[in-house]
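See structure below.
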Amino acid sequence: MTTEIEPKNQASSSERVDPNRYTPSEIEKKWQAVWEETGQNHAEDDDSRPRFYNLVMFPYPSGDLHIGHWYNFTGVDVYGRYQRMNGYNVMQPLGFDAFGLPAENAAIKRGVQARKWTLSNIEKMRQQLKSMGGIWDWDREVVSCLPDYYKWTEWLFLKLYEAGLAYRAKAPVNWCPNDQTVLANEQVLSDGSCERCGAMVERRDLEQWFFKITAYADRLLEYKDIEWPEKTMAMQKNWIGRSEGARVNFNITAPDGEMIPVPVFTTRPDTLYGVTFFLLAPEHPLVGKLTTPENKAAMNEYQSKARGETEIERQSTSTDKIKTGVFTGSYATNPINGEQIPIWVTDYVLMGYGTGAVMGVPAHDQRDFEFARTMGLPIKLVYQPEGREIKEEDLTEALVHEGSVVNSGQFNGLPDSKETVQKFIRFLEEKGVGKAEVTYRLRDWLISRQRYWGSPIPIIYCDQDGIVPVPEDQLPVILPEDVNFRPDGVSPLKYLPEFVHTTCPKCGGPARRETDTLDTFMCSSWYFLRYCDPHNLEAAFDKGKVNHWMPVDQYTGGPEHATMHLLYARFFTKALYDMGLLDFEEPFRRLFHQGMIRSEGKKMSKSRGKTVAPDALVEQFGADAVRAFLMFLGPFEQGAEWNDKTEQLLIGVSRFLNRVWNLIHAGIGAEPTLVTATPDVEKQVRRATHKTIKRVVDDLGHWSFNTALSGLMEFSNTLTEVASKEPGIHANPAWKEAVDTLLLLLAPLTPHIAEELWQKIGHSGSIHSQSMPVFEPSLAADDILTIIVQINGKVRDKLDLVSGLNEDEVKAHVLASPKVASAIGEGHPKKVIYVPGKLVNIVV
């Protein structure tokens, strides 16, 4: 499909600069206007070309793009333009993930409305993104904080609620005292701090809304028909944490004589004979009942301390973290051998994982070993390595499971194997004290936030009817614009009577709205679907349009999203598939993780105050130069360090584009009668052209933009050298093919200068509507020379070598030949004589 281009609104003759001079600012503004006027970047749903959905994770409107944003978006745009030149109808939309804490905190700090602050930032960032010259389909833009979007976020919440996948429960949560809101487990860093503000996270018990993502745990472990980085899939699998083992029931005798069965989950029921103590989480509901009077005071103090720690802190396995705990005074009965074992409470057992109870096997679990040593509890080996005997008192750390079973009655002598584990499970099932079970580390997704700037949760509370969903015809529940913020951890929406007080849809009586808002990850769990049908007023999306464009062919974003956004989006898609709203289960067919621009070794970010604004660089050097420079920094998946020397490379890239401009301008208007190039030079140009096509097209298809640019620089240098020696080459067909090729291959990387020069050399259609050039294998292949090798006058070998090697390189290949080495034997070459292109004679 070719688009005829006629630039409008040209500058007056008095305003124009020298047309033969490269002026990026004028050229780039001109072509951006033309592309917008002609709708070149809009992907039609009914286009006859095969579709290609190229998506980058939508940005948060923080106010200004920094160079790290440009790095990410440029690589995605290069790839999208490359695919369009491969014949695809490329949809490359962009929008803004506009709800969230930064806007709310800015509103508090600056005394402005969060909505006004956010939309002002979006307008600024939109203009910056347009200055990049990307093929962003702005007609498909979505902004998650606007009612036309969050209406459908609320609707999707109701769909999940109707499907039994959304529920409300009281649960211990991660509380950020600085941001005054709940955090999901994934938002708490390994040191127990908030991922955004760095404050130490606390634990609180609150009524919260959850999504039942655990119902999809097994399906989330499947990665059918998708191409994702192995590391990302491994991170998700580890986060889901599927474990096979057994649920074992321990009977506990309470101080009042009551017999209470308490289950534990273990992946190693084959170590039951090695259990020497029983552990409960500080929050376990039986702690109070099982603690004897003399231990009450110590237990209360310990529980209070544990409530102030995050799960991340409590799960720490660092060797310098001393194990702590309090004895309850009660005992449990080991179901496999009837032994009485003491019950302790410790903070490294979590109520949210498993059953909140753990059997202590100190000989074969490191944390249990450390706990036993600290508390003076017995250690009992139930595995011994083959060929040697270890005594419990000699252990300095837990012994890994290896060798064979010992001290375990009828199971002694069995090897460490899955079969042995299964024999223990069968034994437990026969005795009626246990059974096989599968558990998961994954917890349900906590989606409530006690903040204002988020999508309202469409739920009403009625004293008569309980929890009542907002009827669909009353959506969206509009988020008020004027609120008062108070540092008490309560959503400011609670202080707005006109928002809170409403009527029950069921009985018509007085009722109250939910004042928590939705986690912003809900907005980003479906935005890729809305891009397919962004202006639909009647539905979140048309199923036919979504099924046409989805799954996303190429998704690009950072690996830090592996266990949050990427996991949530997969859960959402699978849930909507089960509801019949989609015909596919995976949202992203291919996933690519770009690297990041680093400052002082850390990710460049506004929160750290370490950013570089691209605007001044674009004004000085042009968007094309900045684009090419960023892609030339190194492998796209690795990113680069920004320092004082970095901008010197930008100057070099800018000079390269000027050389391209001058190279092509030099040949404009050449007369055919001036064709004087020799056949050898013509052959050299054609070979360089097709070798470059082969290399660069392959590099672009594999995101190797830095090496693609290297190849284009080499190609440009070759053409410059040829033109300096053969002025008549400019009118030669080989030169025209070379120049066309250079511009076509530059087009995805530097779209403005490529478009301008394409028009200047006489083409009428947009370069971005052309196809990628295709190399001819015979022309891309190197010439092969057959070198005869003589030793003391006798032919000993024939070597086929690539033409163009210098004398030293040819001699090195010859001396490395196994036949030559064998013929020389113990001798030493006195002379190595090279007859160029023909033979090498070695005198031994």
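The values are calculated or read from the model by the stated rules, or taken from the named source; none is laboratory data. All figures in this text were calculated on a predicted structure; none of them were measured in a lab. Note that we place each Cβ from the backbone using ideal geometry, even for glycine, and neighbour counts take in every protein chain shown. Surface accessibility is based on the protein's heavy atoms, side chains included, excluding ligands, DNA and RNA. Shrake-Rupley method; radii C 1.70, N 1.55, O 1.52, S 1.80 Å.
Of everything in the range 542-563 that is over 19 Å from Phe52 (Cβ atoms) and at pLDDT 95 or above, the residue that is surrounded by the fewest Cβ atoms within 10 Å (Cβ to Cβ) is Asp542. Pairs are defined by a Cβ separation below 9 Å, a sequence spacing of at least 6 or placement on different chains, a first member in the range 695-719 that is without any contact (Cβ under 8 Å) to a residue 24 or more places away in the chain, and a second member that is of a type outside the set (A, V, I, L, M, F, W, C) and not in a helix (DSSP H, G or I); the pairs so defined are Asp698/Ser704; Thr707/Pro635. Residues in the range 106-118 that are closer than 30 Å to Gly622 by Cα and free of Cβ contacts under 8 Å to residues at least 40 places away in the same chain: Trp117 alone. Cβ separations smaller than 7 Å between residues 6+ apart or across chains give the following pairs from the range 258-284 residues that are assigned to a loop (DSSP other than H, G, I, E, B) to residues that are among the hydrophobic types (A, V, I, L, M, F, W, C) and modelled with pLDDT under 95: Ala281/Val349; Ala281/Leu350; Ala281/Met351; Pro282/Ala306; Glu283/Met351; His284/Met351. Across the range 640-652, what is the number of residues that are buried (at least 19 other Cβ atoms within 10 Å of the Cβ) and touching a Leu at 6+ places or on another chain (Cβ under 8 Å)? Summing the residues that are buried (at least 19 other Cβ atoms within 10 Å of the Cβ) and touching a Leu at 6+ places or on another chain (Cβ under 8 Å) in the range 640-652 gives 2. Residues that are open to solvent by 30 Å² or more (accessible area, probe 1.4 Å) and without any contact (Cβ under 8 Å) to a residue 24 or more places away in the chain number at least 3 in the following helices (runs of 4 or more DSSP H) confined to the range 295-400: 296-307.
Per-residue answers, yes or no, for (1) within 30 Å of Ala436 (Cα to Cα); (2) under 39 Å from the mean Cα position of the chain (by Cα); (3) of a type in the set (D, E, K, R):
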| residue | (1), (2), (3) |
| --- | --- |
| Pro263 | yes, yes, no |
| Phe278 | yes, no, no |
| Ile322 | no, yes, no |
| Thr333 | yes, no, no |
| Val349 | yes, yes, no |
| Met359 | yes, yes, no |
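Scanning the range 86-122 for residues that are over 21 Å from Leu591 (Cβ atoms), of a type outside the set (Phe, Trp, Tyr) and touching a Ser or Thr at 6+ places or on another chain (Cβ under 6 Å) turns up Ala98, Gly100, Ala103.
Taken over the range 761-788, the residue count meeting the criterion of being part of a strand (DSSP E or B), of a type in the set (A, V, I, L, M) and open to solvent by 50 Å² or more (accessible area, probe 1.4 Å) is 2. For the range 724-741, give me each residue that is open to solvent by 20 Å² or more (accessible area, probe 1.4 Å) and closer than 11 Å to Gly667 by Cα. Once the filter is applied, which keeps residues that are open to solvent by 20 Å² or more (accessible area, probe 1.4 Å) and closer than 11 Å to Gly667 by Cα, the range 724-741 yields Pro727, His730, Ala731, Lys736.
Results for (1) at pLDDT below 90; (2) within 55 Å of the chain's Cα centre (by Cα), shown as yes or no for each residue.
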{"position": "Thr750", "(1), (2)": "no, yes"}
{"position": "Leu785", "(1), (2)": "yes, yes"}
{"position": "Val802", "(1), (2)": "yes, yes"}
{"position": "Ala816", "(1), (2)": "yes, yes"}
{"position": "Glu826", "(1), (2)": "yes, no"}
{"position": "Lys831", "(1), (2)": "yes, no"}
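Of everything in the range 789-810 that's open to solvent by 80 Å² or more (accessible area, probe 1.4 Å) and part of a strand (DSSP E or B), which residue is farthest from Pro829 (Cα to Cα)? Among residues in the range 789-810 that are open to solvent by 80 Å² or more (accessible area, probe 1.4 Å) and part of a strand (DSSP E or B), the one farthest from Pro829 (Cα to Cα) is Asp800. All told, Ser417 meets the bar of being free of Cβ contacts under 8 Å to residues at least 12 places away in the same chain, among the polar types (S, T, N, Q) and over 30 Å from Ile108 (Cβ atoms). Among the residues of the range 504-513, none qualifies, meaning not one is within 25 Å of Ala215 (Cβ to Cβ), open to solvent by 50 Å² or more (accessible area, probe 1.4 Å) and out of contact with any Pro (no Cβ under 8 Å at 6 or more places or on another chain).
When you go through Lys231, Lys305 one by one, which is the residue that is among the charged types (D, E, K, R), farther than 23 Å from Asp368 by Cβ and within 42 Å of the chain's Cα centre (by Cα)? Exactly one of Lys231, Lys305 is among the charged types (D, E, K, R), farther than 23 Å from Asp368 by Cβ and within 42 Å of the chain's Cα centre (by Cα), namely Lys231. Annotation: of all residues in the range 407-451 being among the polar types (S, T, N, Q) and open to solvent by less than 60 Å² (accessible area, probe 1.4 Å), the one that is nearest to Ile336 (Cα to Cα) is Ser408.
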